[in-house]
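Following: one structure in structure tokens, then a few remarks.
Readers should treat all values here as calculations from the given coordinates under stated rules, not as data from a laboratory. Because the structure is predicted, anything quoted here is derived from the model rather than measured. Here Cβ is always computed from backbone atoms with ideal geometry, including for glycine, and neighbour counts include all displayed protein chains.
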Amino acid sequence: MGGGRDPQGGNVEVNVHSHRDDTTVHNGHGRGSQPSNPPPVIHDRDFRLFERWFPWLVPTFVFANIVMFIVTMYVNDCPKNSFNGSCVGSFLGRFAFQPLKENPLFGPSATTLGKMGALVVDKVVVEHQVWRLFSCIWLHGGAIHVLANMLSLVFIGIRLEQEFGFVRIGVLYVISGFGGTLLSALFIPSGISVGASGALFGLLGGMLSEILINWTIYANKLAALLTLIVIVLINLAVGILPHVDNFAHLGGFGSGFLLGFVLLIRPQFKWISQKRSPAGFGPSVKHKHKSYQYALWVLSFVILAAALIAGCVLLFKGVNLNEHCSWCHYLSCVPTSKWSCQEPRLFCQTMEIGNQLNITCMSNGRSDIYPLSSTSSSDMQQLCSQLCRG
């Protein structure tokens, strides 16, 4: 089977054959002997080496993400909830986008994303809303955001699901997304975070470990490996730009890389050849997997489980990993003369008026009134940001 892959548009042609594709296998007559009824010639490439699965889960994920974005925009209702009514695409009615100064991705407000399940670390730690570590994977900051991520999911995920089935790819996607969200929460405890980027990087990480753990079955293994590494490095390099959560990318990629050794392991080639060859023919192979495959399986499972458990413990203890790593913030943003990685400080004044809360942005004088009963400290931070940037 031609194992060609094109992650995010890259053409990685991988021919999954052994190094002896055209070996003719005869029965137990001496070399050079010609039996009267010679057995049929058997070529490795004549067999279907791996089952092809019908991809339905990845299209379902794409559909679910798009539906969640539409629902989020419906809840957002910019014409009704914006301060000055200057929504983008007013003809869309309640599906109109927030002003571009507030959301340049053509999407909803931060407050709406918070209501829909975005990652807000304070709500996870203080209010024990653990589900946000998973729900944020299905939300997106805008039309541009969801379009870019869904195109990447189609290019990467369809091929993987065809090769490994919906169960393994579904688990890889969700656990990688969780790993990305967890690392993001540990390094970026302020603000909100949404997007499927961590899960997508997990699929790339799984593809990389799949090549390594199934090294013996690839013919053009070095070309496939180098191409995939270049694609990963380019995507991670984009993550050092401001306003891009590269910690989610790194956490998702690391989780997917380790999980790939566990979920995407293939039998060695000769084992498949023996399984599909007629009785009495084919090379003799005792074990379905090689010893290094078993070793990587165990090692990766232990490391991944320990990392996820440790990350959860640190998160619920309120640990900010930036305080223990002075240079790690450069992994997500590298300051240059063109941009700064420092978020501008926003100051707001609050005043209780009966059962309502008046919030005023000190930099531009904008103010609005909100119900006091439904406004937590994290909500006030989001509302202050919305007022000052609106």
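Here are some notes:
- Solvent-free Debye scattering, log10 I(q)/I(0), computed from the Cα coordinates of region 161-207 at q = 0.20, 0.21, 0.27 Å⁻¹: -0.63, -0.68, -0.94
- Here region 65-218 has an Rg and Dmax of 17.5, 63 Å, counting Cα atoms alone.
- Once Rg and the Kirkwood radius are both taken over the C-alpha atoms of region 191-262, their ratio Rg/Rh works out to 1.04.
- What the Cα convex hull of region 114-160 gives, in volume per residue, is 78 Å³.
- Counted over region 183-230 with a bin width of 10 Å, the fraction of Cα pairs per bin, in whole percents, is 22, 36, 22, 16, 4.
- Cα-Cα over 24 Å, subset of 115/338; 101/317; 221/290; 101/338; 80/123: 115/338; 101/317; 80/123
- Of the residues 155, 165, 116, the one whose Cα sits farthest towards the positive end of the charge dipole of region 58-216 is 116 (charges of +1 on Lys and Arg Cβ, -1 on Asp and Glu Cβ, taken about the Cα centre).
- Area projected by the alpha carbon convex hull of region 83-172, averaged over all directions, nm²: 7.8 nm²
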